[in-house]
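A.B. asks: Just dropping this structure here.
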Amino acid sequence: MALTACSSQSVEDKLAGEAVAKLEGTSWQLVTAQAPTDENCENLPPIMDFLEENRVAGNLGCNLFNSTYKLDGKKLTFGEAATTRKMCSPEAMQTEERLLKVLKETRFVTQNDKGLMFWNEKGELLAQYEPETLGACR
């Protein structure tokens, strides 16, 4: 005889990391395998700055963006993003497309000692950001 149990644990409860207390006034950069150098101010990792009045802005790897956000515990949603419209390398444009999708699909955010993690409604990790490293290119 096999016994099974139903779990009433929500997606939100299953996410790795803790709820974010406050985003306003924080700056984050996408976790990437390639670190930028001060000599090469192109190809910097995408950044996200959480501003006053639930606004968010930054770059997507090529173009600048701004939007709004709503945070409630681990629940996070972004408004429609406005972006600049320049063309960059195919790699940068792929990153930008992926990050626009992250903004549209994010439903949860958690934080651990390494940074922020953005999750979709199924509990799948979409992107991870770490505290921004300021340098000469800012």
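No value in this document is a laboratory result; all are computed from the given coordinates. Just so it is clear, the structure is predicted and the values come from calculations on it, not from any experiment. Glycine gets a Cβ as well: all are built from the backbone with ideal geometry, and neighbour counts include every protein chain shown.
A.B. asks: Excluding residue 31 itself, what net charge comes from residues whose Cβ is under 15 Å from its Cβ, given Lys and Arg +1 and Asp and Glu -1?
C.D. replies: After counting each charged neighbour, the total is -1.
A.B. asks: Also, quick follow-up: Grab the beta carbon distance between residue 86 and residue 24, set R0 = 35 Å, and tell me the FRET efficiency rounded to 0.05.
C.D. replies: 0.80
A.B. asks: Which of 11, 20 has the fewest other C-beta atoms within 10 Å, and how do the rest follow up to the most?
C.D. replies: Ranking 11, 20 by Cβ neighbours within 10 Å, fewest first, gives 11, 20.
A.B. asks: Which percent of Cα pairs goes in each bin when the distances of the range 46-138 are cut into 5 angstrom slices starting at zero?
C.D. replies: It works out to 3, 13, 23, 27, 21, 10, 3, 0, in whole percents.
A.B. asks: Please give me the summed charge of the neighbours of residue 18: other residues whose Cβ is under 11 Å from its Cβ, Lys and Arg +1, Asp and Glu -1.
C.D. replies: Charge balance in the 11 Å sphere: 0.
A.B. asks: When the dipole is taken about the Cα centre of the range 52-138, and only Lys, Arg (+1) and Asp, Glu (-1) are charged at their Cβ, what size is it in debye, to the nearest 20?
C.D. replies: Roughly 140 debye for the range 52-138.
A.B. asks: Beta carbons within 10 angstrom, averaged per residue: use that to sort the peptides 101-112, 120-131, highest first.
C.D. replies: 101-112, 120-131
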